[in-house]
Amino acid sequence: MAKLIKKISNLFLGFWVFIYILLEELIWDTIAIPVFRFVHSLKVLQRIESSVVDLNRYALLCVFLFLFIQVELLGFIAIGLLAKGSLAFGITLYIGKIPIAAFTFWLFRIAKAKLLTFVWFKISYEFLMRIIDSIKASAMHQRIVGQIVNLKQKFEKLLPKNWVQALKKSSLFLSINRFRLAFIRHLKSLR
């Protein structure tokens, strides 16, 4: 019976480790961090930052919770769409929520001290951090991260040494890059 419980708990932990690594490695590091850096670099938000810090802690909590719940609901809806087989719509919705998540992360970063003055919020935050720390410290997490690193190294060996240059010269990449540059120019004109 103890072996069965251990196997079930390892399966449960493995699922959460996989989800955490997927979100951390693929989504947060590759997509959300660059979006967060862009959002943080906007001069409009830098001016707003001091106003946000001066907000009443209850107003700040309401704004943060509204954004946080919105982002989480969009994530659950996107995952539901993916589970139903609507891959394009689910992925689009999930990627579409990233700017809102980046703004919410920015808001939390600058308002963390005020938000943690709510005892229930501080307890919830510390509980979540303990869960994340225990996931990162688990042997399963270390093993999966090691396998991902090995897989990346094997994948890099399979690609030709000049694959980046070949990709940059492809017509698809050039079209995407032109669209990206036009989008960046448009965003800069909004400043």
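No value in this document is a laboratory result; all are computed from the given coordinates. In this text the structure is predicted, and so the values were computed from the model without any measurement. No Cβ is skipped: glycine too gets one built from the backbone with ideal geometry, and neighbour counts run over all protein chains shown.
Quick look at the values:
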{"item": "Any hit, the stretch 140-149, residues being free of Cβ contacts under 8 Å to residues at least 60 places away in the same chain, in a helix (DSSP H, G or I), within 25 Å of V53 (Cβ to Cβ) and more than 21 Å from the chain's Cα centre (by Cα)", "result": "no"}
{"item": "Any hit, the stretch 72-92, residues being more than 25 Å from G14 (Cα to Cα), of a type in the set (V, I, T), more than 22 Å from the chain's Cα centre (by Cα) and surrounded by 11 or more Cβ atoms within 10 Å (Cβ to Cβ)", "result": "no"}
{"item": "Per-region count, the stretch 79-102, residues closer than 25 Å to L65 by Cα and of a type in the set (S, T, Y)", "result": "2"}
{"item": "Output for the stretch 74-117, where each listed residue is in a helix (DSSP H, G or I), of a type in the set (A, V, I, L, M) and within 29 Å of R47 (Cα to Cα)", "result": "L74, I95, I98, I100, A101, A102, L107, I110, A111, A113, L115"}
